[in-house]
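Heads up, the thing below is written out as structure tokens.
The values are calculated or read from the model by the stated rules, or taken from the named source; none is laboratory data. As the structure is a computational prediction, the values presented were derived from the model and not from experiment. Glycine gets a Cβ as well: all are built from the backbone with ideal geometry, and neighbour counts include every protein chain shown.
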Amino acid sequence: MASAPSSTGELPRTGGPHLPDTARHLVKILVTGPFGVGKTTLIDSVSEIRPLHTEERLTEASAQVDELDGIRDKETTTVAIDFGRISLAGGVVLYLFGTPGQQRFRTLWDDISYGALGALVLVDARRIDASFDVLGLVEEAGLPYAVAFNAFPDAPGHHTDEQLRAALDLEPGTPMVTCDARDPHSSVDALLALVQHLIDDRPAEAR
Ligand SMILES: Nc1nc2c(ncn2[C@@H]2O[C@H](COP(=O)(O)OP(=O)(O)OP(=O)(O)O)[C@@H](O)[C@H]2O)c(=O)[nH]1
Ligand SMILES: [Mg+2]
């Protein structure tokens, strides 16, 4: 079985704006999850190019609509897309496309996910049910995915992996990891779990 490439060199931001000569496998990856789960933070922490963000300030009006429990300090939200890139060993380059988290931007989801090979679904253990809609979209799109619990400080620590898997109704083969989206190494590890899953998931003749 092929194994997932490791990240190259020191993080963060190993590479420059130009693709390394060693780039062989260019892969589109979706970074998705519900509102305020850390998608923008994760892409920001790992990207070797200056990430593209489309952040707008949360307003008084949106406070009526957006569920800010657990993320009271949040000041901005993604209104269209995040984009970043990371080069891994073995010539694998991940192009990271982050989705908006809010239902009202749902119409963008299909366009942003088009052509992705897999998805990293971020989940906040304090608000597990907020992830159901996004998991439904990922499954509907037929995208292989890995789940990464983003480690917020007051996340409940008493759930077992089995309980978390059951709560999310995950297939036994779906990778489930924890990460701190602010930490590049931790975020890359979550992406590597997804890449390994994509490798394992390939038809045998393609390996
Ligand atoms: N403690 C902690 N805070 C985090 C972590 N990841 C993100 N945050 C904070 O959580 C808030 C939400 O992060 P974002 O990256 O904006 O979340 P998002 O999923 O892109 O949000 P939307 O685009 O609005 O859906 C920010 O204030 C981050 O600083 C984490 O791993 N730990
Ligand atoms: Mg965002």
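Taking the stated definitions as given, is Gly101 surrounded by fewer than 19 Cβ atoms within 10 Å (Cβ to Cβ) and either more than 12 Å from the chain's Cα centre (by Cα) or not aromatic (Phe, Trp, Tyr) (or both)?
Criteria not met by Gly101.
I'd like the full set of residues that are more than 28 Å from Ile199 (Cα to Cα) and within 14 Å of ligand 2 (Cβ to nearest atom), limited to region 105-120.
Matches in region 105-120: Phe105 only.
Table: residues versus (1) buried (at least 18 other Cβ atoms within 10 Å of the Cβ); (2) in a helix (DSSP H, G or I).
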residue: Val121; (1), (2): yes, no
residue: Ala148; (1), (2): yes, no
residue: Glu162; (1), (2): no, yes
residue: Ala166; (1), (2): no, yes
residue: Pro172; (1), (2): no, no
residue: Ala190; (1), (2): yes, yes
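Would you mind telling me which numbered condition in (1) surrounded by 15 or more Cβ atoms within 10 Å (Cβ to Cβ); (2) of a type outside the set (A, V, I, L, M, F, W, C); (3) under 19 Å from Leu135 (Cα atoms) Asp110 fails?
(1)
Residue by residue through region 76-116, note down the ones that are under 22 Å from Phe149 (Cβ atoms) and in a loop (DSSP other than H, G, I, E, B).
Thr99, Pro100, Gly101, Gln102, Ala116
Would you point out which residue out of Leu96, Leu58, Leu30, Leu88 is in contact with a strand residue (DSSP E or B) (Cβ under 9 Å, 6 or more places away or on another chain), surrounded by fewer than 23 Cβ atoms within 10 Å (Cβ to Cβ), modelled with pLDDT of 90 or more and aliphatic (A, V, I, L, M)?
On inspection, the qualifying residue turns out to be Leu88.
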